[in-house]
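**Q** Quick one: the structure is below, questions incoming.
The values are calculated or read from the model by the stated rules, or taken from the named source; none is laboratory data. All of these numbers come straight from a predicted model, not from anything done at the bench. Here the Cβ positions follow ideal geometry from the backbone for every residue, glycine too, while neighbour counts run over all protein chains shown. All accessible areas refer to the heavy atoms of the entire protein, side chains included, with ligands and DNA or RNA removed. Shrake-Rupley method; radii C 1.70, N 1.55, O 1.52, S 1.80 Å.
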Amino acid sequence: MNPEQLLHQLQHLPLFTTHQLIILATAASLFLYHTYRRRVVAFYLLDFSCYRPPPAHRAPMAFYHERLHLENIHPDATLFQLKILEKSGFGEQTGIPESLARTPIQNRVSSSTEEASTILFQVVSNLLKTTDTNPKAIDVLICNSSMFAPTPSLSSMVVRKFRMRSNIKTFNLSVISVGLARDLLKVYPGCLALVVSTEMLGLNWYTGENKSMLLTNCLFRMGGAAILMSNRKKDKGTSKYELQHLVRTHRGKDGDSYSCVFQDVDEDKKVGVSISKEILQVAGGALKANVASLGPMVLPYSEQLRYLVSLIGRKGSIYVPKFKRAFQHFCIHAGGKAVIQAIQKNLKLNDEDVEPSKMTLYRFGNTSSSSIWYELSYVEAKGKMQKGDHVWQIAFGSGFKCCSAVWKCNQSRVITRDNAWVDDIHLYPVAIPATAKISER
């Protein structure tokens, strides 16, 4: 063999054998996998705290009967509100701010600022104490309140009260805020994020006669929650939950969805928030769109296949996946008895599945976006949460929005002494009558 032939053969020899190529491909795959895993940020929920109104803020049904008469409201408006309350699913322990218990009602900015400080300071203080967290360790602070935006802001009130760092990142939102906390924790490693959620009732009390606006007077109650989240690896072992999925659906492009919860002035120039009769249909549509995105992330393949087959066949009713195969607990926004019942029917849940939502509505009323935390607190207080369990939180907001958060439990025992139900959990569940007759006290 001459030198030219030898050189030609060497040029065409493979650099690697098949066996070597397999080893290299496997090593490269493992490297890429571990690189990806290192970049995936885990989001932990260290703990949360829910506001528990003191007995002095209690608003039994008879109180509303008396309140409406003292305010000299038109008889038709009074009768309408009493009928709504009788069918609300509320108990006798729901709370209202001091400004609404006064005569006349003190719906001023100063009263709402006092209401905000009462709720925010208590839940944040309790949470920091429970988790043994120094306020100066908080890197991100998010305050969520859709109907009250004072100056200085709610977040500034919290920063001043707890003497937090001057370089803390603060945000004031009118939307569901866990999503923003997650996004910020993706960007800033080794951080703690404090999320505070509440609504102010005093400044938004409606004094007119428009029935769609009178609904807010009947359906909302005093409440709030503080949530401490982390992306620090060292917190995995002590955290209560780990965020698995977060899906947010916004239906604002649809006219009915956009206007179904709407702040406006009535014919007498009185400001109020109207709630449309289409609210259940709108909420159902938003939930359906949200579930369409969430389902493939959480449902077993067998459930997804059965759904697709029924969708393609169209010979009978469309198959509703069994979400209980993906979740052990459900925390449904306690927006009203009808909302809970509609979601229970659409998702084919049983009474035990919606017990946390119904009992939260009965004990605390509709506390807006914080209601899902009262429900999670109920599950914990009942001792039902186990390590490895998955919980589905479903929240709604005006606009119209639907948000799903899926958490996985990291602890075998998660109840804390600050649980909002800890003093009287033994009294629940209770039977809720379809109509509770209100008698004047």
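**Q** Can you find, within the stretch 55-88, the residue that is surrounded by the most Cβ atoms within 10 Å (Cβ to Cβ) among those that are part of a loop (DSSP other than H, G, I, E, B) and in contact with a Ser or Thr (Cβ under 7 Å, 6 or more places away or on another chain)?
**A** Only one residue fits best here, namely A59.
**Q** Look through the stretch 184-220, keep the residues that are touching a helix residue (DSSP H, G or I) at 6+ places or on another chain (Cβ under 6 Å) and among the charged types (D, E, K, R), and return whichever of them is nearest to A101 (Cα to Cα).
**A** E199
**Q** Being more than 30 Å from K437 (Cα to Cα) and not charged (D, E, K, R), is that true of even one residue in the stretch 95-109?
**A** Going residue by residue through the stretch 95-109, those that are more than 30 Å from K437 (Cα to Cα) are 108-109.
Subsequent filtering for residues that are not charged (D, E, K, R) retains 109.
Taking every residue of the stretch 95-109 in turn, at least one turns out to be more than 30 Å from K437 (Cα to Cα) and not charged (D, E, K, R).
**Q** Now for a separate question. Which pairs turn up if I take residues in the stretch 254-270 that are in contact (Cβ under 8 Å) with a residue 60 or more places away in the chain and look for partners that are surrounded by 12 or more Cβ atoms within 10 Å (Cβ to Cβ) and in a helix (DSSP H, G or I) with beta carbon separation below 6 Å, at least 6 apart in sequence or on another chain?
**A** If the second residue must be surrounded by 12 or more Cβ atoms within 10 Å (Cβ to Cβ) and in a helix (DSSP H, G or I), the pairs left are S257/V282; C260/I279; C260/V282.
**Q** If you don't mind, another one. V354 is checked against (1) without any contact (Cβ under 8 Å) to a residue 40 or more places away in the chain; (2) surrounded by fewer than 16 Cβ atoms within 10 Å (Cβ to Cβ); (3) touching a helix residue (DSSP H, G or I) at 6+ places or on another chain (Cβ under 7 Å) and fails just one. What number does that condition carry?
**A** Exception for V354: condition (2).
**Q** Could you run through the stretch 172-198 and say how many residues are of a type outside the set (S, T, N, Q) and at pLDDT below 90? Let's see the steps before the verdict.
**A** In the first step, residues of the stretch 172-198 are kept if they are of a type outside the set (S, T, N, Q); the result is 173, 175-176, 178-196.
Restricting the remaining residues to those that are at pLDDT below 90 gives 173, 175-176, 178-180.
Number satisfying all stated conditions: 6.
**Q** A further question on this structure: Taking the stretch 134-158 as the search range and keeping residues that are more than 22 Å from the chain's Cα centre (by Cα) and over 22 Å from D183 (Cα atoms), which one is surrounded by the fewest Cβ atoms within 10 Å (Cβ to Cβ)?
**A** Quick first cut of the stretch 134-158, residues more than 22 Å from the chain's Cα centre (by Cα) only: 134-137, 150-152, 156-157.
Going one step further and asking which of them are over 22 Å from D183 (Cα atoms), we end up with 134, 150-152, 157.
Working: N134: 10, P150: 17, T151: 6, P152: 10, M157: 17.
Of everything passing the filter in the stretch 134-158, T151 is surrounded by the fewest Cβ atoms within 10 Å (Cβ to Cβ).
Okay, residues lined up against (1) within 24 Å of F400 (Cα to Cα); (2) of a type in the set (D, E, K, R); (3) out of contact with any helix residue (DSSP H, G or I) (no Cβ under 9 Å at 6 or more places or on another chain):
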{"site": "L243", "(1), (2), (3)": "yes, no, no"}
{"site": "D256", "(1), (2), (3)": "yes, yes, no"}
{"site": "D266", "(1), (2), (3)": "yes, yes, no"}
{"site": "Y307", "(1), (2), (3)": "no, no, no"}
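**Q** Report whether or not K401 is out of contact with any Cys (no Cβ under 7 Å at 6 or more places or on another chain), open to solvent by 50 Å² or more (accessible area, probe 1.4 Å) and not polar (S, T, N, Q). It would help to see each step written out before you state the result.
**A** On the way: out of contact with any Cys (no Cβ under 7 Å at 6 or more places or on another chain): yes; open to solvent by 50 Å² or more (accessible area, probe 1.4 Å): no; not polar (S, T, N, Q): yes.
In short, no.
**Q** Show the residue pairs that are 6+ apart or on different chains and have beta-carbon atoms under 7 Å apart, the first residue being within the stretch 123-141 and at negative phi, the second being open to solvent by 40 Å² or more (accessible area, probe 1.4 Å) and part of a loop (DSSP other than H, G, I, E, B).
**A** P135/R163; K136/R165; D139/Y188
**Q** Scan V414, V430 and give me the residue that is part of a loop (DSSP other than H, G, I, E, B) and either over 20 Å from the mean Cα position of the chain (by Cα) or of a type in the set (D, E) (or both). Reasoning before the result, please.
**A** Values: V414 fails: either over 20 Å from the mean Cα position of the chain (by Cα) or of a type in the set (D, E) (or both).
Selected residue: V430, the only one of V414, V430 that is part of a loop (DSSP other than H, G, I, E, B) and either over 20 Å from the mean Cα position of the chain (by Cα) or of a type in the set (D, E) (or both).
**Q** So, one more: Could you figure out which of (1) over 30 Å from V40 (Cα atoms); (2) within 16 Å of the chain's Cα centre (by Cα) isn't true of Q244?
**A** (1)
**Q** Moving on to the next point. Scan the stretch 89-110 residue by residue and report those that are of a type in the set (S, T, N, Q) and open to solvent by less than 10 Å² (accessible area, probe 1.4 Å).
**A** If we filter the stretch 89-110 for residues that are of a type in the set (S, T, N, Q), which is where we start, we get 93-94, 99, 103, 106-107, 110.
Within the stretch 89-110, T94, S99 qualify.
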